[in-house]
Amino acid sequence: MKRSLLVVTAIALISASCSNNNTASVDSPGGVNSIEFHLSPEGVPIYSVKHKGETVIGESSMGFDFKDQPSLHSGLEIVKTTTNTKDETWPMPWGEQREVRDNHNELIVELKEKAKPNRLINIYFKAFDDGIGFRYEFLAQPGVDSLVIMDENTEFQLTGDHTAWWAPGDWDIYEHLYNTTRVSQIDAISKRNHPNLAQTYIPENAVNTPFTLRADNGVHMTFHEANLTDYSDMTLKVDNSTFMLTSELVGSDRLGYKVKRALPFKTPWRALIIADKATELIDSKMILNLNEPNKLGDVSYFKPKKYVGIWWEMHIGKSTWDYAGSQDMNTWSNLANLKPTGKHGATTANAKRYIDFASKNNITGLLVEGWNVGWEHWIGFEDREGVFDFVTPYPDYDLKEVVRYGNEKGVELIMHHETSAAPRTYDQQMDTAYKLMQSLGVHAVKTGYVGKIIPKGEYHHGQWMVQHYRRALDAGAKYQVAVNAHEPIKATGIRRTYPNAIAREGLRGQEFNAWATDGGNPPEHLPIIAFTRMLAGPIDFTPGVFEIGLPTKPNNQINTTLAQQLALYVVIYSPVQMACDLPENYEGKPALQFIRDVGVDWDKTVVLNGEVGDFVTIVRQERGTGNWFLGSITDEQARDITVTFDFLDEGKTYKASVYRDGTDAHFRNNPTSIEIEQMEIKKGDSKTFHLAEGGGLAISLIQ
Ligand code: NOJ
Ligand code: CA
């Protein structure tokens, strides 16, 4: 008796209802978003979503196809509905802000198949004021150990031909440019055979997530998923004429299915961020709130940091990863017979040069790529199993000495493990490699998965690889190692549960500017990324190129101004931010002061303005110092940005250094034209700044 009274109270309080046996609904705490659920006369589960009373997702059905049992799509009945409410605040060990509020109402719908074998499936819906999420739970079935999913058929019925920012639903790589079209014009298939990508597999007209849309009434929506654990990445198949999106899971050709799980289990959350303005998409922390709390406890072994690296010099062709420095990694050769040509980047002396530069410039990390045995056999070999060795340095690189010298100068090594997409080789060595790191006091690793996955028939984004990427986080936690994965599985808020998941690539990073044959990242790339990929989680973009003309790469240049390169330290969020250019390109440049000063770990973040694909301005307050930093970037259009400094603390005068585009700056013709000006700024001041084509603005506000 007492228990049911409590349930009734909860239902009344959170305005969730179950008006008859076949319908149920839940509103977000502020009544902004609501989810309605019902069963059709055939017993098909159907949901829809409203934002401020307007439908944003029309009636959409749910269902699954399995290998050894009939589909679960119709013939269901509601057994029970339950509602819960939550309002709590949790701390971020590192992040864009100190604390995150999780305030939502939940509706749990328990469903049962009416006919035999009476299978059970629960659907958990959560309504937040910044969006909605739902997930499925498959319950135990007598005599059945595991479920083999051939297809998940979750629909998302859009209400019109919205403007969409989309990247193709590639099963292997997220490093495509985003495209801007109406939903009716989405054509992912045309993006197969990408000239710059080592692997692409786009089997359907599907898009990857985060996938952002703007309806003609101005409502913005981003589809993504949260807590992708032991399941496959969800892409969204697009019907160009009905505007219906349907989940399309990444599969395994080797295993012949999409997902296999022991019963019972829960799927990842299907998530939709809903906002009235573009900037609110970035404000949303819903993806994190749909993840489990921190299960690692104290991760203070990882300190957010700026880092330099023996890295850009390889991408611009000045040095090589492999020891012989031949840049011909296509022949098997005996390491003992290789004759170094002096072009190998990862030498002890070069590492010390970078450490000296870092320690002088308030940079506390050093990445060294090409340090270990294996690069001489890498490219061109189908069988990359057993090629890389993650504990044995090349003869000209003294790992221990680099670590020792770094410690002396306050610079910690970031280890590098290029797996060459041979995860079984990496699995075998992971413990030994992480143990070595722990013994050296090295607490972060950059991993890489370039190439087609071995074994054949697996894809980077399938369940088998999702499990592998998670094993790296588990092993990392054991040895106090934080992971920055390149060619990763997408971020789905796992960093909340595993705060050693510090950053990842999973987009066209800076490196494309060095060697892309399609002209590099266009100026609109990052103003799109801020409202798409960045909503998934921290990005290792590697900003900070000062020699924008790339003299060693006559056909390439960076399509931003220098001021924009500075602004990226604030606009793009990551707890590891590279100063990617070579020390000699920074020395003596006044703009370097911004990189010296800028923070990497934040108390607060405020998105001041922005429109998807056009521009964005973000300010962040540094933990510990209270200093504020502003970054603003624009696409190929010049524009004036007015900043009202309301975010500053009351009664304080800040010493501001303003790094703005020179009057004649232009990303193509005059990218390095920059003006640096000192001024005093107080709360409430308002100033207008001009951003050049492809330009930016960076301001440090020091207390
Ligand atoms: C691709 C990564 O994105 C890049 O940062 C790295 O230098 C190369 N792979 C080599 O591992
Ligand atoms: Ca990459």
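Please state which one of Asp129, Asp161, Asp145, Asp187 is charged (D, E, K, R), open to solvent by 30 Å² or more (accessible area, probe 1.4 Å), within 25 Å of the chain's Cα centre (by Cα) and over 30 Å from Ala501 (Cα atoms). Break it down stepwise before answering.
On the way: Asp129 fails: over 30 Å from Ala501 (Cα atoms); Asp161 fails: within 25 Å of the chain's Cα centre (by Cα); Asp145 fails: within 25 Å of the chain's Cα centre (by Cα).
Unique residue meeting the criteria: Asp187.
A count restricted to the stretch 529-553 and to residues that are away from ligand 1 (no atom under 16 Å from the Cβ) and either buried (at least 24 other Cβ atoms within 10 Å of the Cβ) or within 10 Å of the chain's Cα centre (by Cα) (or both) stands at 7.
Tell me the strands (runs of 3 or more DSSP E) entirely within the stretch 625-703 that contain at least 3 residues that are buried (at least 21 other Cβ atoms within 10 Å of the Cβ). Before you say what the answer is, go through the steps one by one.
Working: elements: 628-634, 639-644, 653-661, 674-682, 686-691, 696-702.
In the stretch 625-703, 628-634, 653-661, 696-702 are the strands (runs of 3 or more DSSP E) which contain 3 or more residues that are buried (at least 21 other Cβ atoms within 10 Å of the Cβ).
Tell me the residue from Ile282, Ile273 that is at pLDDT 95 or above, buried (at least 16 other Cβ atoms within 10 Å of the Cβ) and in a strand (DSSP E or B), please.
Numbers: Ile282 fails: in a strand (DSSP E or B).
Every option except Ile273 fails the conditions.
Taking the criterion of being under 16 Å from His461 (Cα atoms) and assigned to a loop (DSSP other than H, G, I, E, B), the residues of the stretch 147-199 that qualify are Ala167, Gly169, Asp170, Trp171, Asp172, Ile173, Tyr174, Glu175, His176, Leu197, Ala198, Gln199.
Within the stretch 458-493, being in contact (Cβ under 8 Å) with a residue 40 or more places away in the chain, hydrophobic (A, V, I, L, M, F, W, C), farther than 24 Å from Tyr201 by Cα and surrounded by fewer than 24 Cβ atoms within 10 Å (Cβ to Cβ) holds for Ala475, Ala477.
Return the total of residues in the stretch 572-621 being hydrophobic (A, V, I, L, M, F, W, C) and part of a strand (DSSP E or B).
10
Inspection of the stretch 372-384 identifies at least one residue that is at positive phi and surrounded by 24 or more Cβ atoms within 10 Å (Cβ to Cβ). Applying the criterion of being without any contact (Cβ under 8 Å) to a residue 60 or more places away in the chain and open to solvent by 40 Å² or more (accessible area, probe 1.4 Å) to the residues of the stretch 357-371, the residue that is farthest from Val411 (Cα to Cα) is Lys360.
The set of residues from the stretch 418-459 being under 18 Å from Phe381 (Cβ atoms) and either touching a helix residue (DSSP H, G or I) at 6+ places or on another chain (Cβ under 7 Å) or among the aliphatic types (A, V, I, L, M) (or both) comprises Thr419, Ala421, Ala422, Pro423, Val450, Ile453, Ile454, Glu458.
Limited to the stretch 215-260, what total is found for residues that are in a loop (DSSP other than H, G, I, E, B) and more than 16 Å from the chain's Cα centre (by Cα)? Don't jump to the end; show me each part of the working.
Residues of the stretch 215-260 in a loop (DSSP other than H, G, I, E, B): 215-219, 227-233, 239-243, 250-251, 253-256, 258.
Now restrict to residues that are more than 16 Å from the chain's Cα centre (by Cα): 215-219, 230-232, 239-243, 250-251, 253-256, 258.
Matching residues across the stretch 215-260 total 20.
Of all residues in the stretch 498-544, those being within 15 Å of ligand 2 (Cβ to nearest atom), in contact (Cβ under 8 Å) with a residue 60 or more places away in the chain and not hydroxyl-bearing (Ser, Thr, Tyr) number 17. Taking Val445 as the residue in question, decide whether it is touching a residue at least 24 places away in the same chain (Cβ under 8 Å), within 15 Å of ligand 1 (Cβ to nearest atom) and over 23 Å from Lys295 (Cβ atoms). So Val445 does not fit the description; no.
The values are calculated or read from the model by the stated rules, or taken from the named source; none is laboratory data. Bear in mind the structure is a predicted one, so any value in this text is a computation, not a measurement. Ideal geometry is used to build each Cβ from the backbone, glycine not excepted, and the neighbour counts take in all protein chains shown. All accessible areas refer to the heavy atoms of the entire protein, side chains included, with ligands and DNA or RNA removed. Shrake-Rupley method; radii C 1.70, N 1.55, O 1.52, S 1.80 Å.
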